[in-house]
Structure formats: structure tokens, C-alpha cells
Amino acid sequence: MPTDSPTLFSHCKPGDTPFVSGGLRDFFEYRDLGIAAATHGKVIAHLVRAANAPEKGTGWHRHEAEFQIVVMTRGWARFMYEDKETLVEAGDVVHQRPGIRHYLFDYSPDMEYLEIVGPADFKSVDVEGPCAVPEPTPWEKKAETV
């Protein structure tokens, strides 16, 4: 069995890494799964979850990446991919082809997805959108406890 590999073995359990703010979007939290370190930057895999209600969404952008998939693990999100509105629900898998213009504009409070992108240090570039974007669905306010 070969022992030389350009990547490392990685096993990340739920309690190994926390969700943290400070990622690409300030209204999401991110949990690193150790894949960028294991692949020496070839691929990143992280869990992304809603931290705040959608207000403006991500804005129109594209990624400078060779590969990107989103696996919705909980809840739902509404995207514009070019000029097509797309509802992505728990269990759905989306391959975002390189350079596709998109806009995540709405999501549920329990939204969480696994994102896998190569390379790990991919760039997000703001672009002009091809169409108008619908308004997000307001989250219901929680009743205050006394």
C-alpha cells in the first residue's frame, strides 16, 4: 500500500472545530472541517450556517474557483443563478460551475450547508447582475420571555 501522498489523512468530529464569525459573509458562521490543511490548500470544506436574518444577501458575485459544490444539510436557501431563481432545500446538491454569476438572497433561520471549493483560497468577485432579485422572507420575531 502506498505511504507517500500529496495530502494528509483528516477526521473532523462535530466538537473538534467551532462555528465562528469573520468568514466571507458577516451574516453567516463557518466551521472549518480541516480539509484545506489536509490538502495543502487544494480544497476547502466548511459548514456554513445562518447567523442573522437575510437583509441584502450576498450581492451578485462569482467565484474564481475550479470547483464548487453546495450540499444543503438543513433548512433552505434561495439563490439567483444568472437569471434563474433556484430554491435549494435540505438534501439538495448544487454544482456551481466556475464563473457562474449568483446571488444568495434568502434563507431559513436553520439553514446550514456544506461547501466544498477548490482551490481553498478561492476569490469572490462582485459582478453586475443580469436581473432584479426578489426580497427575502422576513424571519418571525421570537416572543420575548418575561
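Some points to look at:
- Among the residues making up the range 11-23, a single one is within 14 Å of ALA38 (Cα to Cα) and touching a Leu at 6+ places or on another chain (Cβ under 8 Å): CYS12.
- Extreme residue, least open to solvent (accessible area, probe 1.4 Å), among residues of the range 57-87 that are among the basic types (Lys, Arg) and in contact (Cβ under 8 Å) with a residue 12 or more places away in the chain: ARG78
- Yes/no for ALA53 being out of contact with any Lys or Arg (no Cβ under 8 Å at 6 or more places or on another chain), surrounded by 15 or more Cβ atoms within 10 Å (Cβ to Cβ) and either aromatic (Phe, Trp, Tyr) or assigned to a loop (DSSP other than H, G, I, E, B) (or both): yes
- Subset of the range 1-39 that is part of a loop (DSSP other than H, G, I, E, B) and small (Gly, Ala, Ser) - its residue that is nearest to the chain's Cα centre (by Cα): GLY23
- Filtered by the rule that a residue be without any contact (Cβ under 8 Å) to a residue 24 or more places away in the chain and open to solvent by less than 50 Å² (accessible area, probe 1.4 Å), the range 1-27 gives CYS12, THR17.
- Leading residue by the ranking (farthest from ALA77 (Cα to Cα)) among those in the range 89-107 that are acidic (Asp, Glu) and open to solvent by 30 Å² or more (accessible area, probe 1.4 Å): ASP92
- Any hit, the range 40-47, residues being under 26 Å from GLU140 (Cβ atoms), at pLDDT 95 or above and part of a strand (DSSP E or B): yes
The values are calculated or read from the model by the stated rules, or taken from the named source; none is laboratory data. All values reported here derive from a predicted model rather than from experimental measurement. Positions of Cβ are generated from backbone atoms using ideal geometry, with glycine treated the same way; all protein chains shown enter the neighbour counts. When the accessible area is computed, the model is the full protein with side chains, heavy atoms only, and any ligands, DNA or RNA have been set aside. Shrake-Rupley method; radii C 1.70, N 1.55, O 1.52, S 1.80 Å.
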